[in-house]
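The values are calculated or read from the model by the stated rules, or taken from the named source; none is laboratory data. These figures come from a predicted structure and were not determined experimentally. Ideal geometry is used to build each Cβ from the backbone, glycine not excepted, and the neighbour counts take in all protein chains shown. What goes into the accessible areas is simple: the full protein's heavy atoms, side chains included, and nothing from ligands, DNA or RNA. Shrake-Rupley method; radii C 1.70, N 1.55, O 1.52, S 1.80 Å.
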Amino acid sequence: MNERTYSRIAACVLLAAGAFAASSAVPAADIEVSDAWARPTPPGAEVGAAYFKITNHGKSDRLVSASSPVAKRADLHISQMEGGVMKMRHLDSVEVKAGSPIAFEPSGRHVMLTGLKKPLKEGESFPLVLKFARGGSVKVQVSVRNEAGGMGGHPEMNMAR
Ligand SMILES: [Cu+2]
């Protein structure tokens with residue numbers, strides 16, 4: 001086998017691996033979403049919030065929308081202190097610069113899940129799809145766990161309208 005044949009085979013293997021990755025909807029090559037989690041919600045709760053980290057290994061991108069089968073809506077929000085009160089604002093998109101990871105975390109940016117179809121139960125997980133302007137859709141599993149963080153409590157519940 002000469003070198004050229006070898007590199008052609010290697011390319012085929014890479015292509016096959018890429019096709020497999022795409023079909024199983026693992027994160028797109030450039031965008032890495034890690035540590036996705038959400039707090040459990042009490043029975044009957046309509047809203048929840050999902051958190052994660054985004055690392056961009058490619059060119060600058062924007063997170064433009066989110067969706068999940070567990071909720072009617074999944075919106076990009078940010079919680080901020082305004083006059084001593086935690087308030088939430090809607091974000092049209094979130095810039096994800098190359099090489100500077102950003103965090104979605106309690107008391108900060110989050111994906112707001114509205115119209116929950118059932119409570120988020122500790123120990124379970126659910127899919128969340130994040131759509132990027134360049135990178136396309138990235139599907140992650142969000143694990144539900146009770147974790148302290150930020151201001152504590154559920155500041156995301158106090159929606160400023
Ligand atoms: Cu919110």
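Summary table below
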| quantity | calculated |
| --- | --- |
| Listed residue pairs exceeding 31 Å between alpha carbons, taken from LYS117/LYS139; LYS53/LYS117; LYS53/LYS118; LYS59/LYS118; LYS87/LYS117; LYS118/LYS139 | LYS59/LYS118 |
| FRET efficiency estimate (nearest 0.05) - Cβ-Cβ, ASP92 to ALA29, R0 22 angstrom | 0.30 |
| Gain in span if fully extended, VAL64 to VAL85, counting 0.36 nm per residue against the direct Cα distance | 4.9 nm |
| Stretch gain in nm, segment GLU147-SER100, where the contour uses 0.36 nm per residue and the Cα spacing is subtracted | 14.5 nm |
| At 0.890 mPa s and 25 °C, Stokes diffusion of the stretch 26-158 via Kirkwood alpha-carbon radius, µm² per second | 166 |
| Two-site label geometry, ALA45 and ALA133: point separation in nm, points 7 Å out along Cα→Cβ | 3.3 |
| Gyration tensor (alpha-carbon) shape descriptor, the stretch 39-117, a/c threshold 1.5 | oblate |
| Karplus-derived 3J(HN,Hα), 6.51/-1.76/1.60, for each residue of the stretch 80-91, Hz, glycine and proline x | 9, 6, 10, x, x, 10, 6, 10, 10, 10, 7, 10 |
| Amide proton proximity set for VAL142, modelled H, under 5 Å, gap of 5+ | PHE126, LEU128 |
| Sulfur and carbon atoms: percent of accessible area, the stretch 50-94 [1.4 Å] | 51 |
| Other-chain or far-sequence residues with amide H under 5 Å of LEU116's (modelled H) | VAL47, LYS72 |
